[in-house]
Amino acid sequence: MPRPTSDVQAFEARATDADLDDLRARLAAARLPEEETTSRRWEQGVPLADLVDVVHHWRTGYEWRSFEERLNRIGQFRTTIEGLGIHFLHRRSARADATPLIVTHGWPGSIAEFVDVVDELADPKEGDAPAFHVVVPSLPGFGYSDKPTTTGWGTEKIAAAWVELMGRLGYDEFAAHGGDWGGNITTVLGGRFPAHVLGIHTTFAEGPPGLTTDGLSATERRWAEETRHFWLHRAAYAKQQATRPQTIGYSLVDSPVGLLAWILDKFAEWSDTEDSPFETIPVERVLDDVTLYWLTRTGASAARIYYESHNSLDPELRVDVPSAITTYPRDVEKCPRPWAQQRYRRIVRWRSPEAGGHFPSLEVPELFVEDLRGGLAAVLAADR
């Protein structure tokens, strides 16, 4: 069993009482806008009534300490790579046949997305299910990782840092999973580091640019049109963070209600629900995520990943390691398989579940674990 090197240090999460008191005071003193001027819920963003309810629960009912305890039970560590402190969860499996797996989150997610599934991935109840040594890093500028003080920490550099991180843990070869920015980074891992990456599973496949819709099925054409519509009409947040992350960052770091609204809007719009994200995602899980951003003051630094890497995936990058791809029906960007095959040249498993959106580990955790296991089993079984 590999052991952490001396470059890896144990870490425990512990917010100060003063920071928690300050959060509650700011929530109590929040200045809110008037109610939206349309009767169509969510058309102008987070409805006032919904936000008031969540703010009240955040101030009076939510328990941050219980989330801290869960992180500490899983196992937290930090190491310094290229001068930047990187925080990560590390849950070793008790199984001798376990495969190292790095799981990468995106925005507005965090390590909080995977807290509920780490144990099941590491030590499955079913004896014939694959097991994994699970590593879940916080992206640079997110959570308990350090905030970059210079430009340059884009997805290519992050992927290289993940290879270094896994090597320090004794994992010279490993599998990788990710969605959103984590999917982008997972793609880079598979394309740039085939000597280390056994294979990948992603919920965020990206084909090369400029591909035609000729030959696509009706469903694939609908996917392409929905994705195009999203980037034309619903992606103002990405343009803002890609061009002026510092400007929006002041609000995200200074106002917990502003931070909550900015993130809650995405949980609502991108999840597989009819109205509220809390139809499938417990409010506690959303508040775990938002509070982590708040206490670590990472609203601005996390937004900068868009400045560093928006539309920057190398058009020529190809992934030749075995790849499993899952496209959830209510995700915001869905890549048709013929397009995906132009980049991922060894797709060994392709799935389109009947339920789930952009946050499947929170929305449909049992389905997510089953699908991730199945995808990685196919990847690991493939000839290299």
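All of Ala224, Ala195 fail the test of being outside any strand (DSSP E or B), farther than 21 Å from Tyr328 by Cβ and modelled with pLDDT of 95 or more, apart from Ala195. Please tell me if Ser251 is surrounded by 18 or more Cβ atoms within 10 Å (Cβ to Cβ), at pLDDT 95 or above and closer than 30 Å to Tyr62 by Cβ. Answer is no for this residue.
Considering only residues that are touching an Asp or Glu at 6+ places or on another chain (Cβ under 8 Å) and either small (Gly, Ala, Ser) or surrounded by 14 or more Cβ atoms within 10 Å (Cβ to Cβ) (or both), which ones fall in the range 22-47? Glu36, Arg41, Trp42, Gly45, Val46, Pro47, listed by residue number. Within this structure, Ala159 passes the test of being under 15 Å from the mean Cα position of the chain (by Cα), modelled with pLDDT of 95 or more and either part of a helix (DSSP H, G or I) or polar (S, T, N, Q) (or both). The set of residues in the range 125-153 being of a type in the set (Lys, Arg) and modelled with pLDDT of 95 or more consists of Lys147 alone. In summary, Glu43 fulfils each of the numbered conditions (1) out of contact with any helix residue (DSSP H, G or I) (no Cβ under 9 Å at 6 or more places or on another chain); (2) farther than 21 Å from Val283 by Cβ; (3) touching a residue at least 40 places away in the same chain (Cβ under 8 Å) with the single exception of condition (3).
So that you can scan it fast, the table gives a plain yes or no per residue for (1) crowded, with 16+ Cβ neighbours inside 10 Å; (2) within 24 Å of Pro108 (Cβ to Cβ):
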residue: Gly299; (1), (2): yes, yes
residue: Ala302; (1), (2): yes, yes
residue: Tyr306; (1), (2): yes, yes
residue: Ser312; (1), (2): no, yes
residue: Thr326; (1), (2): yes, yes
residue: His358; (1), (2): yes, yes
residue: Val379; (1), (2): yes, no
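For Gln9, state whether it is at pLDDT 95 or above, farther than 27 Å from Asn184 by Cβ and either touching a Lys or Arg at 6+ places or on another chain (Cβ under 8 Å) or assigned to a helix (DSSP H, G or I) (or both). Here the answer is yes, as Gln9 does meet what is asked. A Cβ distance below 7 Å, combined with a sequence gap of six or more or placement on separate chains, defines the contacts here; from the range 67-89, residues that are over 29 Å from Gly152 (Cβ atoms) and in contact (Cβ under 8 Å) with a residue 12 or more places away in the chain reach residues that are assigned to a helix (DSSP H, G or I) and of a type in the set (A, V, I, L, M) in the pairs Ile74/Val118. The criterion of at least 3 residues that are within 15 Å of the chain's Cα centre (by Cα) is met, among helices (runs of 4 or more DSSP H) falling completely within the range 235-317, by 256-270, 283-296, 299-309. Contact map, the range 205-226: first residue touching a residue at least 12 places away in the same chain (Cβ under 8 Å) and within 19 Å of Asn311 (Cβ to Cβ), second residue part of a loop (DSSP other than H, G, I, E, B) and among the β-branched types (Val, Ile, Thr), Cβ cut-off under 7 Å, separation 6 or more or different chains; pairs are Ala224/Thr213.
Here's the yes/no breakdown for (1) of a type in the set (A, V, I, L, M, F, W, C); (2) outside any helix (DSSP H, G or I); (3) more than 18 Å from Arg192 (Cα to Cα):
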{"residue": "Arg330", "(1), (2), (3)": "no, yes, yes"}
{"residue": "Glu333", "(1), (2), (3)": "no, yes, yes"}
{"residue": "Pro338", "(1), (2), (3)": "no, no, yes"}
{"residue": "Gln342", "(1), (2), (3)": "no, yes, no"}
{"residue": "Gly375", "(1), (2), (3)": "no, no, yes"}
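When the range 331-384 is filtered for residues that are among the polar types (S, T, N, Q) and either at pLDDT below 95 or in contact with an Asp or Glu (Cβ under 9 Å, 6 or more places away or on another chain) (or both), only Ser361 remains.
Those residues that are touching a helix residue (DSSP H, G or I) at 6+ places or on another chain (Cβ under 7 Å) and either farther than 20 Å from Leu89 by Cα or of a type in the set (D, E, K, R) (or both), I need them from the range 149-170; list them, please. Selection gives Thr151, Trp153, Gly154, Glu156. Please enumerate the residues belonging to the range 354-365 that are in contact with a helix residue (DSSP H, G or I) (Cβ under 6 Å, 6 or more places away or on another chain) and part of a loop (DSSP other than H, G, I, E, B). If the condition is that a residue be in contact with a helix residue (DSSP H, G or I) (Cβ under 6 Å, 6 or more places away or on another chain) and part of a loop (DSSP other than H, G, I, E, B), then Gly356, Gly357, His358 are the ones that fit. Scanning the range 239-285 for residues that are more than 26 Å from Thr227 (Cα to Cα) and among the hydrophobic types (A, V, I, L, M, F, W, C) returns Leu252, Val253, Val257, Val283. Quick one: would you say His201 is more than 28 Å from Val283 (Cβ to Cβ), surrounded by 19 or more Cβ atoms within 10 Å (Cβ to Cβ) and not hydrophobic (A, V, I, L, M, F, W, C)? It is true that His201 is more than 28 Å from Val283 (Cβ to Cβ), surrounded by 19 or more Cβ atoms within 10 Å (Cβ to Cβ) and not hydrophobic (A, V, I, L, M, F, W, C).
Just one of (1) assigned to a strand (DSSP E or B); (2) out of contact with any strand residue (DSSP E or B) (no Cβ under 8 Å at 6 or more places or on another chain) fails for Ile325. It is (2). Considering the range 61-111, and only residues there that are of a type in the set (Ser, Thr, Tyr) and more than 30 Å from His310 (Cβ to Cβ), the residue that is surrounded by the fewest Cβ atoms within 10 Å (Cβ to Cβ) turns out to be Ser66.
The values are calculated or read from the model by the stated rules, or taken from the named source; none is laboratory data. Quick caveat: nothing in here was measured; it's all calculated off a predicted structure. Cβ coordinates were reconstructed from backbone atoms using ideal geometry, including for glycine residues, and neighbour counts include every protein chain displayed.
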